[in-house]
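The values are calculated or read from the model by the stated rules, or taken from the named source; none is laboratory data. As the structure is a prediction and not an experimental result, all values here were calculated from the model. In this analysis, Cβ positions are derived from the backbone assuming ideal geometry, glycine residues included, and neighbour counts consider all displayed protein chains.
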Amino acid sequence: MQPVYLVNGKRSPQAKSGTIFKDIPAPYLGDYLIRDMVESSGIASDDVDEVIIGCVGNPAKYPNIGRVIALEAGLDQRTSGYTVHRNCASGMEALSQAFLKVGSGRSDIIFAGGVENMSQAPLIYSDEMTDFFMQLMKAKNPKNKLKAVSGFRLPHLSPIIALEQGLTDPFCGLNMGQTAEKIAREFGFTRTQQDEYANESHRKAITAINEGRFREEIVPIIAGEKLDKVISSDFGPRGDSSVEKLAKLKPYFEKRTGTVTVGNACPITDGGSMWMVCSEAAVKKYNLEPMARMIDYHFHGLEPERMGLGPVLAMDGIFKRTGLKLADMDLVEINEAFAAQVMGCLKVMREKDLAARWGVDVLGAMDMSKLNVNGGAISLGHPVGSTGSRLVVTLAHELEKRKAKYGVASLCIGGGQGGAMIIENLKV
Amino acid sequence: MSFEKFSFENKEGIYHIGFGLNETKSMTVISKQTLEELDQALSQISDDKNAKGLLLFSHIPGCFLAGMDVSVIQSLSSAIEASEGCEKGQSVFNKIEDLKVPSMALVDGICLGGGLELALSCTKIMCSDSKKTSLGLPEVMLGVLPGFGGTYRLPKKIGLTSSLDLLLTGKQLKAIKAKRLGLCEYVMPSERMLEKGAEYLFKKDADKSLQDSFTEKASENFLARGVIFRKARQTVLEKTKGFYPAPLKILDHLEASFGKRRSSYLDSEASAFGDLSQTSQSKALQHVFFLQDEAKKLDGKDSIKSVGKGAVLGGGTMGGGIAWLMANAGQAPLLKDINTVGLELGLKQSSLAFKSAVKRKRLSHDDFERKQRSIKPTLNYDGFKSADLLIEAVVESMKVKKMVFSEVEKYVSDDCLLTSNTSSLSVNEMAQALKKPERFAGLHFFNPVNKMPLVEIVRHDGVSDETINKLYKWVLDVKKTPIVVNDCPGFLVNRILAPFLNESAYLLEAGVSIEDIDKAILNFGMPMGACRLMDEVGIDVCVHVGEIMEAGLGARAKANKLSEAAVAKDLLGRKNGKGFYLYDERGKSTGVNPDAEALLPSKKISMDETEIQMRCVIPMINEAAMILNEKIVDSAATVDLGLIFGIGFPPFRGGLLRYADSSGLDHIVDTIKKYSVEVDKDRYMLSSYLEDLVTNKKKFYES
């Protein structure tokens, strides 16, 4: 494998779904990031080999959003573009494909990232209603038409919420929140422990915003009904968060006995992120100054009902693959889908019995000063298609600021998987 | 038989006439020769007993026929000659209509004026679905009416109401709209037209829908017709204020000829054309047409590289307007300001312009989203090295602008054109701040950018011709009208506008009322009164410009005291709701402002309307003569183009200097001399250039 460079990584601000980004079509959460990086790198619009975009709820209007983004970004029409789907790790999947293509020498410049507008997840007609429409269309004469019409029942109209369906595992039947409840129950995490974790996420995010730590990674985006507002900051982290306030929220997924609330889980979110991934030849040719090198990635599966522990298996895999250890990492990102799920990961990482249960090495006790230092999905949000690459964007920028060397970004993946990626900061 | 102006072929009984043969220009026009040759060809077809049909098409992609050659219309020296010309054309087109076999025009691209009249004389019209396909009868814009049977055949085909809309406004229709109105029968991909044309020529079509025939019946009813004509006349008068005779003549002719036989209908059309072609308004409009046509020419245009990416410095109204222009032209501009407030002001301006296009259905919502989002709002210079053209629209201060330019030069590529949208500062001085002044020039836009067609390209001593040519091409590319001017206070347009506004204020000081002045100016044909215009521009801006003019031009530009006094009372114009007039929250005028009245002398004088007009217009002519003398622009034509498109000087007068020429320069010089004694010797200091023209018995357009 040849070296793979992360030349530049940017992201949009992230906003809770249904708020300021609710009307932004998903391609526009990503195209402008490419445009920004093309402009600042000085490459031409026909120098890009491919655009790879992760997107979970690919809008019906843009069947292959990767290609749409390539064109909306003003890249040459000859630029190939496609879309990848690995649930919550779709953005990381896009990066991993760029890694293989550039590393193997097939490609020189790839834009890889993810976009998600969860505000625009559709409502779907029920199977009965779809069937009703089909019958109606097939009916050619009045008699058949009447017969078809008489098949209609009012309850057929009640829609299926695509988002809810998408967040429910088809094998274990649990939705993602219920998988977090399972971990909380089995590992004995209390409601307060989870709320404390969530509160800390908000505190770190607000500190980062106030210190301007996201300024370099965010490209301001045009928003508002008239498209005359410029948004340059995340819309989600709460400066007034407290454990007491979080304690007032009712459990969302298991109403009576549960501990997981909307406060200690990540909110559904709109946002996009993008990386310019280049070969050594491209770096030399265009005189680029890469931020980081992508060392490797790893994906790993586990039981769907405990999908939240995926990051441990993925990190175990990547450490074995690269020979690096947790202790070598200057910064660690574990995506905060749920407080309980991150806490579960930390427990499995350090406890021998649990590690053995999932067949991994004891990775070690997490140095909390290295974990999710600028907050995580609980405060910043989790636009599912984007988060996989967003974590790497935030990680790389923070490594650069700290002049630190290695960082690992990891996340759990609905359906029972984990993904992890190690990068090396080159701006030391 | 073969012809020079079109190909002529008989393919198994179907005759094919293909226009644009041997044509080097992208737009084919109908010449006298075309008509003569058509006449011969049609005779042959009607003599051929085995003929089955006729197809008319064009060899030039994007243009069927762009109409009659305007220079032919311009050369007509009398009404009789013009009417006779019409009759010739009419008889040729009648021949098509009278063919015993079906005929069809295959329209791919522009089909205007005589071109559409030709198509209308065919049994059917087939249009291509190309975006370039556009049908219309724009004759009214030249002060005449369609003279080859268009006024007869259009109402027959699409009904009276739709016809009036096209005939009175000269508006053009795309293929789909044309089909909806019944102007064309079929819409096809252009590649299939010849093949399908031969088939559809003989196709029998379904009868008209019930609704269509009902509408037709309704307008045949003479009562309804009366209402339609009355309403149309009213609208025309509102829009043209009676300055333009052509639309009224069209209405008279249509009303009088309605239901008459073809021959008398066409006679009336020819005679109306003859009359209109000799009106001063029509001559003036033809003159403006050629001015515009001339402005679109640029030597070696195709070899000049187009601007791919734009950049704008400074949000705000002008910056936002310019960003809109670039975004609309696909140049994905960077928009930089020093704070988000400025960026959002700029985005708001651009959004307003796009939204108004969406409202008028000129732009889809998706394209609005795409184009508006192609603007990149930024607070730093990241990505500026990708820009090909930068336009600065920051605050109007020499110090700030110089600072900005010396800074920005570090961030842009070596080939990036740098321009300033200054309206009042010296471009020569600004150029001194640059390391590479040869790629710098002034680029003066008018507010609001999306509506005002003119852009002044301002030269300075160190600018290269390459830069000027590139900018000229860019202005044409973004569908604006460019004029090239040399650096001087106010450049061309504002320098000539300034004495007009200044003199109006002096008239107010002398005791002429606001209403009298504005009425006189409106009756002259200007789009708004002088006091109204000062409100629009902003009285504070007028004061500022006045100072610059006085500083630069001396005593003849001595600024009035009234505007200053108005500003001191916080009367700034429409922007703060109070100027010479008062405005409500939506910016609508609610009448004369008593506070402004209070600043004027209580003793009013009544002045003759013509006198007011002369007092305001003659200083403009005098200043224009000085501008020509100083070689600020190259010709009288440029002055006229600038004033028509920059301030809306009445097109039916053909421009300021054409108006001066036609009113007699000796008379104007005499008036100036009179005013220099009676009014003010400095403000009416006669231009030596103008005096020389009179001495040598020359005109502005002959010098």
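Scan the stretch B:45-59 for residues that are surrounded by fewer than 21 Cβ atoms within 10 Å (Cβ to Cβ) and in contact with an Asp or Glu (Cβ under 9 Å, 6 or more places away or on another chain) and jot them down.
B:Ser46, B:Lys52, B:His59
Output the number of residues of the stretch A:202-231 satisfying the condition of being within 19 Å of the chain's Cα centre (by Cα), among the small types (Gly, Ala, Ser) and within 14 Å of chain B (Cβ to nearest Cβ).
Qualifying residue count, the stretch A:202-231: 0.
For every residue, the table says whether it meets (1) more than 33 Å from the chain's Cα centre (by Cα); (2) closer than 30 Å to B:Ser280 by Cα.
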residue	(1), (2)
B:Glu12	yes, no
B:Ile17	yes, no
B:Gln33	no, yes
B:Leu42	yes, no
B:Ala51	yes, no
B:His59	no, no
B:Phe64	no, no
B:Leu76	no, yes
B:Glu87	no, yes
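Can you tell me which residue within the stretch B:359-374, out of those that are of a type outside the set (Lys, Arg) and more than 11 Å from chain A (Cβ to nearest Cβ), is surrounded by the most Cβ atoms within 10 Å (Cβ to Cβ)?
First, pick out the residues of the stretch B:359-374 that are of a type outside the set (Lys, Arg): B:363-369, B:372, B:374.
Retained after the next criterion (residues that are more than 11 Å from chain A (Cβ to nearest Cβ)): B:363-364, B:367.
On the way: B:Leu363: 18, B:Ser364: 11, B:Asp367: 14.
So the residue we want is B:Leu363.
Which of the residues spanning the stretch A:154-172 are closer than 18 Å to A:Gly310 by Cα and exposed (fewer than 12 other Cβ atoms within 10 Å of the Cβ)?
Going residue by residue through the stretch A:154-172, those that are closer than 18 Å to A:Gly310 by Cα are A:167-172.
Of everything in the stretch A:154-172, those that are closer than 18 Å to A:Gly310 by Cα and exposed (fewer than 12 other Cβ atoms within 10 Å of the Cβ) turn out to be A:Pro170, A:Phe171.
I'm trying to understand the selection: among the residues of the stretch A:350-367, which are under 26 Å from the mean Cα position of the chain (by Cα) and among the basic types (Lys, Arg)?
Within the stretch A:350-367, just A:Arg350 meets the criteria.
For the stretch B:333-352, check the following and say yes or no: at least one residue is over 22 Å from the mean Cα position of the chain (by Cα), facing chain A (nearest Cβ under 9 Å) and of a type in the set (Lys, Arg). Show your work before the answer.
Applying the first criterion (over 22 Å from the mean Cα position of the chain (by Cα)) to the stretch B:333-352 yields B:333-349, B:351.
Next, only the ones that are facing chain A (nearest Cβ under 9 Å) stay: B:334, B:340, B:343-349, B:351.
Pick out the ones that are also of a type in the set (Lys, Arg) and you get B:348.
Checked against the condition, which is being over 22 Å from the mean Cα position of the chain (by Cα), facing chain A (nearest Cβ under 9 Å) and of a type in the set (Lys, Arg), the stretch B:333-352 yields at least one hit.
Could you give every pair whose Cβ atoms fall below 8 Å, whose first residue belongs to the stretch B:317-346 and is in contact (Cβ under 8 Å) with a residue 12 or more places away in the chain and closer than 15 Å to B:Ala357 by Cβ, and whose second residue is basic (Lys, Arg) and assigned to a loop (DSSP other than H, G, I, E, B), counting only separations of at least 6 or pairs across chains?
Listed by first residue and then by second, the contacts come to B:Leu325/B:Lys480; B:Ala329/B:Lys479.
Every residue, every condition in (1) of a type in the set (Lys, Arg); (2) at positive phi, yes or no:
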position: B:Gly591; (1), (2): no, yes
position: B:Met614; (1), (2): no, no
position: B:Lys631; (1), (2): yes, yes
position: B:Val639; (1), (2): no, no
position: B:Phe649; (1), (2): no, no
position: B:Phe652; (1), (2): no, no
position: B:Arg658; (1), (2): yes, no
position: B:Asp666; (1), (2): no, no
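Of all strands (runs of 3 or more DSSP E) completely enclosed by the stretch B:62-119, which ones contain at least 3 residues that are within 17 Å of B:Leu21 (Cα to Cα), out of contact with any Asp or Glu (no Cβ under 9 Å at 6 or more places or on another chain) and at pLDDT 95 or above?
On the way: elements: B:63-65, B:103-107, B:110-112.
Answer list for the stretch B:62-119: B:103-107.
Considering only the stretch B:154-167, I want to know if a residue exists there that is outside any helix (DSSP H, G or I) and more than 26 Å from B:Asn221 (Cα to Cα).
No.
Give me the pairs: first residue in the stretch B:354-379 and free of Cβ contacts under 8 Å to residues at least 24 places away in the same chain and closer than 24 Å to B:Lys336 by Cβ, second residue of a type in the set (A, V, I, L, M) and crowded, with 21+ Cβ neighbours inside 10 Å, beta-carbon distance under 6 Å, and six or more apart or on different chains, which are they?
B:Arg373/A:Ile222
Six or more apart or on different chains, Cβ under 7 Å: which pairs go from a residue in the stretch B:663-675 that's under 13 Å from B:Thr695 (Cα atoms) to one that's surrounded by fewer than 16 Cβ atoms within 10 Å (Cβ to Cβ) and modelled with pLDDT of 95 or more? Could you list them?
Close Cβ pairs satisfying both conditions: B:Val669/B:Glu691.
Would you be able to tell me the number of residues in the stretch A:174-213 that are in contact with an Asp or Glu (Cβ under 9 Å, 6 or more places away or on another chain) and closer than 30 Å to A:Ser126 by Cβ?
Residues flagged as in contact with an Asp or Glu (Cβ under 9 Å, 6 or more places away or on another chain) and closer than 30 Å to A:Ser126 by Cβ within the stretch A:174-213 amount to 8.
What is the number of the single condition among (1) surrounded by fewer than 17 Cβ atoms within 10 Å (Cβ to Cβ); (2) more than 12 Å from chain A (Cβ to nearest Cβ); (3) outside any loop (DSSP other than H, G, I, E, B) that B:Gly319 does not meet?
(1)
Would you be able to say whether some residue in the stretch B:115-127 is within 21 Å of B:Phe290 (Cα to Cα) and in the same structural domain as B:Lys196 (by TED's automatic domain parsing)? Steps first, answer last, please.
So the first thing to find is which residues in the stretch B:115-127 are within 21 Å of B:Phe290 (Cα to Cα), and the list is B:115.
Checking the rest, the ones that are also in the same structural domain as B:Lys196 (by TED's automatic domain parsing) come to B:115.
Within the stretch B:115-127, one or more residues are within 21 Å of B:Phe290 (Cα to Cα) and in the same structural domain as B:Lys196 (by TED's automatic domain parsing).
May I ask you to verify whether B:Leu325 is outside any loop (DSSP other than H, G, I, E, B), within 23 Å of the chain's Cα centre (by Cα), among the hydrophobic types (A, V, I, L, M, F, W, C) and not assigned by TED's automatic domain parsing to the domain that holds B:Phe645? Steps first, please.
Details: outside any loop (DSSP other than H, G, I, E, B): yes; within 23 Å of the chain's Cα centre (by Cα): yes; among the hydrophobic types (A, V, I, L, M, F, W, C): yes; not assigned by TED's automatic domain parsing to the domain that holds B:Phe645: yes.
Judged against the criteria, B:Leu325 is a match.
Provide a single number: the residues in the stretch B:377-388 that are facing chain A (nearest Cβ under 7 Å) and at negative phi.
To start, the set of residues in the stretch B:377-388 that are facing chain A (nearest Cβ under 7 Å) comprises B:377, B:382-383, B:385-386.
Still in the list and also at negative phi: B:377, B:382, B:385-386.
The qualifying residues number 4.
Could you list, in sequence order, the residues of the stretch A:316-358 that are under 28 Å from A:Glu181 (Cβ atoms), in contact with a Leu (Cβ under 8 Å, 6 or more places away or on another chain) and not in a helix (DSSP H, G or I)?
Listed by number, the residues that qualify are A:Val332, A:Glu333, A:Ile334, A:Asn335, A:Ala337, A:Trp358.
For the stretch A:399-426, how many residues meet the condition of being touching a strand residue (DSSP E or B) at 6+ places or on another chain (Cβ under 8 Å) and over 20 Å from A:Lys325 (Cα atoms)? First the steps, then the outcome.
Step one: filter the stretch A:399-426 for residues touching a strand residue (DSSP E or B) at 6+ places or on another chain (Cβ under 8 Å), giving A:399-400, A:402-414, A:416-426.
Filter once more, so that each one left must be over 20 Å from A:Lys325 (Cα atoms): A:400, A:413-414, A:416-417.
Counting residues in the stretch A:399-426 that are touching a strand residue (DSSP E or B) at 6+ places or on another chain (Cβ under 8 Å) and over 20 Å from A:Lys325 (Cα atoms) gives 5.
Can you tell me how many residues in the stretch B:129-153 are farther than 19 Å from B:Asp205 by Cβ, over 19 Å from the mean Cα position of the chain (by Cα) and crowded, with 19+ Cβ neighbours inside 10 Å?
Going through the stretch B:129-153 one residue at a time, the tally reaches 8.
Which of the residues that make up the stretch A:243-273 are more than 17 Å from A:Ser379 (Cα to Cα) and of a type in the set (Lys, Arg)?
Selection gives A:Lys248, A:Lys250, A:Lys255, A:Arg256.
Give me the residue from the stretch A:132-153 that is touching a residue at least 12 places away in the same chain (Cβ under 8 Å) and within 30 Å of A:Gly166 (Cβ to Cβ) and, out of that set, surrounded by the fewest Cβ atoms within 10 Å (Cβ to Cβ).
So the residue we want is A:Arg153.
For the stretch B:122-153, how many residues are closer than 18 Å to B:Ala82 by Cβ and either assigned to a strand (DSSP E or B) or among the aromatic types (Phe, Trp, Tyr) (or both)? Reasoning before the result, please.
Residues of the stretch B:122-153 that are closer than 18 Å to B:Ala82 by Cβ, as a first pass: B:137-152.
Subsequent filtering for residues that are either assigned to a strand (DSSP E or B) or among the aromatic types (Phe, Trp, Tyr) (or both) retains B:148, B:152.
Adding up the residues that qualify gives 2.
Would you confirm whether or not the stretch A:255-271 contains a residue that is within 14 Å of chain B (Cβ to nearest Cβ) and in a loop (DSSP other than H, G, I, E, B)? Lay out the reasoning, then the answer.
The first filter runs over the stretch A:255-271 and keeps only residues within 14 Å of chain B (Cβ to nearest Cβ), leaving none.
Checking the stretch A:255-271: not a single residue is within 14 Å of chain B (Cβ to nearest Cβ) and in a loop (DSSP other than H, G, I, E, B).
What number of residues in the stretch B:614-631 are in a helix (DSSP H, G or I) and more than 15 Å from B:Leu657 (Cα to Cα)?
Applying the first criterion (in a helix (DSSP H, G or I)) to the stretch B:614-631 yields B:614-629.
Filter once more, keeping what is more than 15 Å from B:Leu657 (Cα to Cα): B:615.
Here the count works out to 1.
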